[in-house]
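K.L.:
Would you mind keeping the following structure in view while I ask a few things?
The values are calculated or read from the model by the stated rules, or taken from the named source; none is laboratory data. In this text the structure is predicted, and so the values were computed from the model without any measurement. So basically every Cβ, Gly included, is an ideal-geometry build from the backbone, and we count neighbours across all protein chains shown. Each accessible area value is taken on the protein alone, full model and side chains, heavy atoms only, with ligands, DNA and RNA left out. Shrake-Rupley method; radii C 1.70, N 1.55, O 1.52, S 1.80 Å.
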Amino acid sequence: MATRTERKTAHELLAAHGRTYAEDAGIRLRNTPQPLYQLLVLSSLLSARIRAEVAIDAARALFGAGMRDPRRMADATWQQRMDALGAGHYRRYDVRTATQLGEGAALLLERYGGDLRALRDEVGRRPKGEALAEYKRLLRAVTPGLGPVGADIFLREVQGVWPEVAPYFDGKTVQGAGRLGLPTTARELAGLADRDHYPALAAALVRSALDKRVAEDVAGRTSR
């Protein structure tokens, strides 16, 4: 059972920093092919050693250039993908990423008709631990360059529309929770928010892990 202080901390954290990364990238996440694909692209971009703001800007630039679904991403030229990444200032990894985005879109079209819901169906009903491992394996199989970090990002965000994934609070969220003095198990963290707010809570906890100023801000708000 969460303490009153923990609940207040979680409330202030959500109020000030509870935006999902999908929201920041302009993705209206639903269980439909296009936004799920856009989340996968965003997760891949965010998993690189680059500031989150740059990855988000690059995702917005790709989508703004028309590469909003796997067919359009695959049909775009390598230079078009490069130009969009450059417009988002995603320059450190742009050459490799432009190639991987095209390859990943082609793989997703080939294996699942461009629809990640088919990947979800392939995982099916399994014990949660086994299902999560299979989600990660299949996501990485159709997304060149997507490592464990990127798979975690996708699952943290998608838990709002794929309820079987929830609650999903990985090592990075636990790190952020510890910095805030919050519980450090997924079960306890889930008790701090309504199910609909799990993705936002996870994103806010990640921000706390990545930037100590978030914890300082929340501490100041909680003490008022």
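K.L.:
Regarding residue 105, is this residue in a helix (DSSP H, G or I), touching a helix residue (DSSP H, G or I) at 6+ places or on another chain (Cβ under 6 Å) and farther than 21 Å from residue 198 by Cα? I'd like the intermediate steps shown before the answer.
P.N.:
Working: in a helix (DSSP H, G or I): yes; touching a helix residue (DSSP H, G or I) at 6+ places or on another chain (Cβ under 6 Å): yes; farther than 21 Å from residue 198 by Cα: yes.
It is true that residue 105 is in a helix (DSSP H, G or I), touching a helix residue (DSSP H, G or I) at 6+ places or on another chain (Cβ under 6 Å) and farther than 21 Å from residue 198 by Cα.
K.L.:
Residue pairs, Cβ under 6 Å, 6 or more apart or interchain, first in the range 135-156 and acidic (Asp, Glu) and modelled with pLDDT under 95, second part of a helix (DSSP H, G or I) and open to solvent by less than 10 Å² (accessible area, probe 1.4 Å). List them.
P.N.:
Pairs that qualify, where the first residue is acidic (Asp, Glu) and modelled with pLDDT under 95 and the partner is part of a helix (DSSP H, G or I) and open to solvent by less than 10 Å² (accessible area, probe 1.4 Å): there are none.
K.L.:
Of all residues in the range 187-224, count the ones that are in contact with an Asp or Glu (Cβ under 7 Å, 6 or more places away or on another chain) and either open to solvent by 20 Å² or more (accessible area, probe 1.4 Å) or farther than 21 Å from residue 52 by Cβ (or both).
P.N.:
3
K.L.:
So residue 89 passes all but one of these: (1) in a helix (DSSP H, G or I); (2) surrounded by fewer than 17 Cβ atoms within 10 Å (Cβ to Cβ); (3) out of contact with any Pro (no Cβ under 8 Å at 6 or more places or on another chain). Which condition number does it fail?
P.N.:
With respect to (1) in a helix (DSSP H, G or I); (2) surrounded by fewer than 17 Cβ atoms within 10 Å (Cβ to Cβ); (3) out of contact with any Pro (no Cβ under 8 Å at 6 or more places or on another chain), residue 89 is out only on (1).
K.L.:
Kindly indicate whether any position in the range 70-77 is open to solvent by 40 Å² or more (accessible area, probe 1.4 Å), under 19 Å from the mean Cα position of the chain (by Cα) and of a type in the set (D, E, K, R). It would help to see each step written out before you state the result.
P.N.:
First, pick out the residues of the range 70-77 that are open to solvent by 40 Å² or more (accessible area, probe 1.4 Å): 71-72, 75, 77.
Now drop any that are not under 19 Å from the mean Cα position of the chain (by Cα), which leaves none.
Among the residues of the range 70-77, not one is open to solvent by 40 Å² or more (accessible area, probe 1.4 Å), under 19 Å from the mean Cα position of the chain (by Cα) and of a type in the set (D, E, K, R), which makes the answer no.
K.L.:
Checking the condition open to solvent by less than 60 Å² (accessible area, probe 1.4 Å) and over 17 Å from residue 23 (Cα atoms), which residue from 147, 160 passes?
P.N.:
147
K.L.:
Let me ask something else about it. Within the range 163-203, which residues are closer than 17 Å to residue 20 by Cβ, without any contact (Cβ under 8 Å) to a residue 40 or more places away in the chain and of a type outside the set (A, V, I, L, M)?
P.N.:
163, 167, 168, 169, 170, 172, 173, 176, 194, 195, 196, 198
K.L.:
Which members of the range 110-134 meet the condition of being touching a helix residue (DSSP H, G or I) at 6+ places or on another chain (Cβ under 7 Å), buried (at least 18 other Cβ atoms within 10 Å of the Cβ) and either more than 18 Å from residue 170 (Cβ to Cβ) or at pLDDT below 95 (or both)?
P.N.:
If the condition is that a residue be touching a helix residue (DSSP H, G or I) at 6+ places or on another chain (Cβ under 7 Å), buried (at least 18 other Cβ atoms within 10 Å of the Cβ) and either more than 18 Å from residue 170 (Cβ to Cβ) or at pLDDT below 95 (or both), then 112, 114, 115, 116, 119 are the ones that fit.
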